[in-house]
Amino acid sequence: MGCATLLLAAGSGTRFGPDAPKVLTRLQGRPVLLWSLDAMIAAASVDHIVIMVSEQTMDAVVDLVEGVETDKILDIVLGGAQRQDTVRLGLEHLSGDEAPARVLIHDAARPGLLPGDIDAIATRLEALDDGSSQPPSGLSAAIPTADTLVRYTSPDAPLDPVDRSGLYRMQTPQGFAFTAILDAHQRQQETAFTCDATLYQAVGGRVELISLPQAERLMKLTFQSDADSLEGLLGLAAAAPTPAPAAPAIENRTGFGFDVHAFGEAGEDGELVLAGVTFPGERPLKGHSDADVALHALTDAIYGGLVEGDIGHHFPPSDPQWKGADSTVFLEHALSLIRATGGRLVHLDLTLICERPKIGPRRDDLRARLSALTGLEPGRISVKATTTEGLGFAGRGEGIAAQATVTLQLPTAP
Ligand code: MG
């Protein structure tokens, strides 16, 4: 109950030329029919495609379609003497238990169809089928007339200008609610119509016109001279997707940082701060700044990735203004250097090496704080902890060591 398409390739194309049926001639090296068929296969909204052929084109179309790969239902059905008969036969082929909700009817002789045209019409049709009009409004591609129009009879007679406002050239695809257009065709077999939209209106249906982007592409291949114009339009399309703007080249950098701070004397003032999180009741670390060993390791990792020296270079311990400083200032400076390159931090991995405090119970607090400080989502932030099995300064409880790695993505200099 999705959307089906009728691809009309049953016309004789007598105005086009005596050689091959026009839907089988090649434009840009591809048979005309395949241009629209490819678009229908690529359009997300379409699940059933019916190609309407004549006795003259049947065998060649069967051969062409044999080489086409698609998961969609693809039928080839013999059309009638006139276009209108062909459409009705195609609709009757689609009717029954598996009938689609909507159908798009398209002339194979308009090879400039794009998948986006089909999806735009299918989406609009679905919106129109809201019960506000019965039968639901149909839809036709159409292009507003841009040129000055005159009525011409002879060189001596005055040119008679025609007001072009409201004048459109009708195109296909035209789309309809399936049962409504089938009913319209079955009731209008005795009267000839030039297109399905006018036939639909004759039974009381409303029709909305839609001017598609690149509507000029939907020109019909009628005369041999049209082939050159279409080759140009299709060639543009074939070329268009290729020159996508070149994305700036990105390189990945890894930075590593390491830091150690000793615990202060028992009874000293201050709080232990790790990764911007305070640990009440724990002995604070000693340092010129707030001694946040985790943020120092992380900040140095970023400087390392950027090849921008180290924390002591940017914030000399000899400078009194950094005494007791909040270490988030250092981290923010390093992050600003990443932003200045146009790059970004994509991952960080922090390891704390200590006997105390126990990091595990506060791990998510640290990750949340680091997320707030760096703008990274917590899924890109790892916090680990280890002891040294009682060995060394950390093992003896004299201080805390921290290691950090970061991954940076930086634009590569041209
Ligand atoms: Mg330090």
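Here Ile353, Ile311, Ile338 are screened, and the one residue that is within 13 Å of the ligand (Cβ to nearest atom) and either of a type in the set (Val, Ile, Thr) or not assigned by TED's automatic domain parsing to the domain that holds Phe393 (or both) is Ile311.
Taking the stretch 262-289, which residues are within 15 Å of the ligand (Cβ to nearest atom), closer than 28 Å to Val346 by Cβ and surrounded by fewer than 22 Cβ atoms within 10 Å (Cβ to Cβ)? Gly276, Ser289, listed by residue number.
With the condition kept exactly as written, say whether any residue in the stretch 350-372 is surrounded by fewer than 18 Cβ atoms within 10 Å (Cβ to Cβ), hydroxyl-bearing (Ser, Thr, Tyr) and assigned to a loop (DSSP other than H, G, I, E, B). Looking through the stretch 350-372, none of the residues is surrounded by fewer than 18 Cβ atoms within 10 Å (Cβ to Cβ), hydroxyl-bearing (Ser, Thr, Tyr) and assigned to a loop (DSSP other than H, G, I, E, B). Do we have any residue at all in the stretch 308-330 that's under 15 Å from Gly276 (Cα atoms) and of a type in the set (Phe, Trp, Tyr)? Among the residues of the stretch 308-330, at least one is under 15 Å from Gly276 (Cα atoms) and of a type in the set (Phe, Trp, Tyr), which makes the answer yes.
This table checks each residue for (1) surrounded by 13 or more Cβ atoms within 10 Å (Cβ to Cβ); (2) among the small types (Gly, Ala, Ser); (3) within 43 Å of the chain's Cα centre (by Cα).
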site: Asp129; (1), (2), (3): yes, no, yes
site: Pro144; (1), (2), (3): yes, no, yes
site: Asp147; (1), (2), (3): no, no, yes
site: Asp156; (1), (2), (3): no, no, no
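Can you list the strands (runs of 3 or more DSSP E) found entirely within the stretch 52-154 that contain at least 1 residues being farther than 20 Å from Ala9 by Cα and free of Cβ contacts under 8 Å to residues at least 24 places away in the same chain?
Numbers: elements: 73-78, 102-107, 138-144, 149-151.
Correct list: 149-151.
Just wondering, is there one or more residues in the stretch 182-202 that are in contact with a Pro (Cβ under 9 Å, 6 or more places away or on another chain) and either part of a loop (DSSP other than H, G, I, E, B) or under 23 Å from Ser229 (Cβ atoms) (or both)? Checked the stretch 182-202: no residue is in contact with a Pro (Cβ under 9 Å, 6 or more places away or on another chain) and either part of a loop (DSSP other than H, G, I, E, B) or under 23 Å from Ser229 (Cβ atoms) (or both). Exactly one residue out of Ala291, Ala340 is over 22 Å from Pro378 (Cβ atoms), aliphatic (A, V, I, L, M) and outside any helix (DSSP H, G or I): that is Ala291. Taking His333, is it within 23 Å of Thr254 (Cβ to Cβ) and touching a residue at least 24 places away in the same chain (Cβ under 8 Å)? So His333 passes the test.
The values are calculated or read from the model by the stated rules, or taken from the named source; none is laboratory data. Here the structure is a predicted model, which means the values were calculated and not measured. When we count neighbours, we look across all protein chains shown, and the Cβ atoms used for this are built from the backbone with ideal geometry, even at glycine.
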